[in-house]
Amino acid sequence: MKKIIIVIIFFSFYTNIKAQEIETIIKGWTSYSQSIDVSKLESLEFKISAFLRKENNRKSGKSALWVRVDKKNKTSGFFRNDVYNDNLVVSNKWKKFEIEGVIDKDAQNLYFGAFCQGNGDFYFDDFKLEIKSKNGEWKNVKIDNFDFEENKSNDIWNEGIHINRINKVKNFDIKYSKEKPFNGKQSLFIKGANIIGNNQNGKFVNVNNVKLYY
């Protein structure tokens, strides 16, 4: 009986901690990502790729890949977010996108994932990480649930850009969808809706030197 009580108390304590770690915030973008230990892969070239498509094709809504290297001294190294690259266009047809870079010296973790900004229906599938070995051969690195075929609650993908800071962004809904996946039975689906400043018919006006959105 004592063992059962201890287990229940521990589970309740763990659940409360997890609930406290997840904070609901308001902003115009969100990320769904995971990280991989690359401390033994410093100075090597890497490639992150995935297939993307977008429905409800509003100009304000954007999706892209992003990558960041965090170093052992808690600073950031390589960083790139292609949502700021106006030459990359995501349409309603699946298309492969890729980010290449070099893992910094003294690197600890490689963060990567999906990035969405504004309103729209954004889909991602088949993430892939490749590392170029010293002999010039590209090798695949395992990504947990790279194709989103597993149950969402069982993998290590999280909303947010830091492993210990998990956010829930209001007006973004994240799920694994069976709606026209690129491959397999499911893909990642992120829906942005009713985001202030990004509605299709919304406008800004200056009132007493204050910029108001309506």
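Taking 0.36 nm per residue of separation and subtracting the Cα-Cα distance, full extension of the segment from LYS178 to SER39 would add 46.5 nm. Each residue of segment 63-70 is assigned a 3J(HN,Hα), and the resulting list reads 9, 6, 8, 9, 9, 8, 9, 9 Hz, derived from the Karplus form 6.51 cos²θ - 1.76 cosθ + 1.60 (θ = phi - 60°), x at Gly and Pro. Legend: residue pairs LYS47/LYS96; LYS142/LYS191; LYS27/LYS185, Cα-Cα distance threshold 21 Å; pairs beyond threshold, LYS142/LYS191; LYS27/LYS185.
For the cross-link pairs LYS95/LYS134; LYS54/LYS74; LYS128/LYS178; LYS40/LYS128, the ones whose C-alpha atoms lie over 27 Å apart are LYS95/LYS134; LYS54/LYS74.
Pull out a ≥ b ≥ c, the square roots of the eigenvalues of the alpha-carbon gyration tensor of segment 72-155, then state rounded if a/c is under 1.5, prolate if not and a/b is larger than b/c, and oblate in the remaining case.
prolate
Annotation for segment 47-139: GluC sites (Glu not before Pro) lying in DSSP loop with at most 15 further Cβ atoms inside 10 Å of their Cβ are GLU137. Distant-in-sequence amide contacts of GLY113, defined by a placed amide H-H separation under 5 Å and a gap of 5 or more residues or a different chain, comprise TRP66.
No value in this document is a laboratory result; all are computed from the given coordinates. The shown structure was predicted, so the numbers you read here are calculated from the model rather than taken from an experiment. Cβ: placed from backbone, ideal geometry, glycine included. Neighbour counts: every protein chain shown.
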